[in-house]
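The values are calculated or read from the model by the stated rules, or taken from the named source; none is laboratory data. All figures in this text were calculated on a predicted structure; none of them were measured in a lab. Cβ sites come from the backbone with ideal geometry, for glycine too, and all protein chains shown count toward neighbours.
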Amino acid sequence: QSTVESLDTIWMDGEFIDWDEATIHVLTHGLHYGTGVFEGVRCYDTEDGPAIFRWGDHLDRLYGSAQSFDIELPYTPEELTKATRELIDRQHLDDCYIRPIVFYGYDHLGLNPTGSPIRTAIAAWPFGAYLRDDGLENGVDVTVSNWRQFASSQVPTNAKMTGGYVNSVLANLEARQGGYDEAILLTPDGTVAEGPGECLFLVSDNKLHTPALSEGVLPSITRESVIRIARDLGYTVHHESTISLDKLETADELFFAGTAAEITPIRSVNDIAVGNGTKGPVTDEIQSRFFDIVARRTDDYGEWFTLV
Ligand code: PMP
């Protein structure tokens, strides 16, 4: 997990303020009822300087998520982009994680948020490997959670809302308490969904499979990137179907993909080795291509980057 160190600035409601001053009232609506939307974005140190990966797509998702709560963002995408660039610059960051969040603030308490102020903040801090230090190389151990993914009839699963993360936190806690690095959540129907904060890919017979968005998984930007990268490498990718639980056991390879997790191989599920229990060749090829792309060691996919 990342630690926040030697940072001094957060952008909040239009201003750069001291890290320690970026506080909220204890009766904030979003704190009580989970009425916030957020993003997790990575910025990479590249030969062209710090470059934010798929910033425009993350902003699109943020504005889309906000609509679910009738939140009208008080800032334009251009204003958020300017704020983010300056935030990275002011803190002399290169490789970092960016967390924009928008939520109903404090005015009155009660479920109806109408009239509560819309608060907007962006933080950025250095961020390494997410799930475990050697996870990118050696893979992670996961367990299938007893908690289920929300169905799209329960929460708008295509929105990244703070309240939607309660079962992600429960699943992650359960996994950690069992000695695993991370969980895999199933849909309410018992088919494979995703990790608490990552989407999931299976490799079988050299083909990639990931659950359809209709399974209630987040429209992950890394998922979409992996689909494109894998196809450009010549792989067939199936992303329109349901994946049954037994497919996890028979997969040749499994990996998580997400902004924080990047491309993390999964080496075991419920103590049973995936493949031979190490990073598989397809995962390895996609992972190295991904890291070449985000480091801008290739001119391809240039449209994915916003330079700071
Ligand atoms: N699924 C969930 C539940 C997530 O929280 C995340 C992280 N945002 C992902 C998948 C991966 O999405 P992305 O690639 O857009 O980071």
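Yes/no per residue for (1) closer than 27 Å to E198 by Cβ; (2) at pLDDT 95 or above; (3) among the small types (G, A, S):
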position: D8; (1), (2), (3): no, no, no
position: M12; (1), (2), (3): no, yes, no
position: F16; (1), (2), (3): no, yes, no
position: Q67; (1), (2), (3): yes, yes, no
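Within segment 178-188, being part of a loop (DSSP other than H, G, I, E, B), touching a helix residue (DSSP H, G or I) at 6+ places or on another chain (Cβ under 9 Å) and over 18 Å from N158 (Cβ atoms) holds for Y180, D181.
Just a yes or no: is a residue in segment 251-263 of a type outside the set (A, V, I, L, M), surrounded by fewer than 22 Cβ atoms within 10 Å (Cβ to Cβ) and away from the ligand (no atom under 16 Å from the Cβ)? Yes, segment 251-263 contains at least one residue that is of a type outside the set (A, V, I, L, M), surrounded by fewer than 22 Cβ atoms within 10 Å (Cβ to Cβ) and away from the ligand (no atom under 16 Å from the Cβ). Has segment 196-204 got at least one residue that is more than 30 Å from D20 (Cβ to Cβ), among the polar types (S, T, N, Q), assigned by TED's automatic domain parsing to the domain that holds I227 and assigned to a strand (DSSP E or B)? Yes - at least one qualifying residue is present in segment 196-204.
Under the condition of being out of contact with any Leu (no Cβ under 9 Å at 6 or more places or on another chain) and away from the ligand (no atom under 14 Å from the Cβ), the residues counted in segment 208-230 number 1. Assessment of segment 141-154 against the conditions (assigned by TED's automatic domain parsing to the domain that holds L218 and under 15 Å from the mean Cα position of the chain (by Cα)) yields no matching residue. Tallying residues that are of a type in the set (S, T, N, Q) and over 18 Å from the mean Cα position of the chain (by Cα) within segment 163-197 yields 3.
Being in contact with a Lys or Arg (Cβ under 6 Å, 6 or more places away or on another chain) and either farther than 23 Å from D300 by Cα or assigned by TED's automatic domain parsing to the domain that holds D181 (or both) holds for only one residue in I263, I221, and it is I221. Only one entry in N167, N172 is more than 23 Å from R42 (Cβ to Cβ) and in contact (Cβ under 8 Å) with a residue 24 or more places away in the chain, namely N167. Against the numbered list (1) within 18 Å of the chain's Cα centre (by Cα); (2) of a type outside the set (S, T, Y); (3) over 18 Å from A22 (Cβ atoms), I71 comes up short only at (1). Tell me, yes or no, whether segment 268-278 has at least one residue that is more than 22 Å from A193 (Cβ to Cβ) and touching a residue at least 60 places away in the same chain (Cβ under 8 Å). Yes. When you check I286 against the structure, is it assigned to a helix (DSSP H, G or I), within 16 Å of the ligand (Cβ to nearest atom), in the same structural domain as G216 (by TED's automatic domain parsing) and not acidic (D, E), yes or no? Yes. Looking at (1) surrounded by 22 or more Cβ atoms within 10 Å (Cβ to Cβ); (2) in a strand (DSSP E or B), which is the one condition that is false for I101? Condition (1) is where I101 drops out. May I ask you to verify whether T306 is within 16 Å of the ligand (Cβ to nearest atom), surrounded by fewer than 21 Cβ atoms within 10 Å (Cβ to Cβ), within 30 Å of D89 (Cα to Cα) and under 20 Å from the mean Cα position of the chain (by Cα)? Yes; evaluated as a whole, the condition is true for this residue. Here G197, G234, G128 are screened, and the one residue that is touching a residue at least 24 places away in the same chain (Cβ under 8 Å) and loosely packed, with under 15 Cβ neighbours inside 10 Å is G128. So, D20, is that one modelled with pLDDT under 95, away from the ligand (no atom under 16 Å from the Cβ), in a helix (DSSP H, G or I) and not assigned by TED's automatic domain parsing to the domain that holds V155 or not? Spelling it out, D20 is indeed modelled with pLDDT under 95, away from the ligand (no atom under 16 Å from the Cβ), in a helix (DSSP H, G or I) and not assigned by TED's automatic domain parsing to the domain that holds V155.
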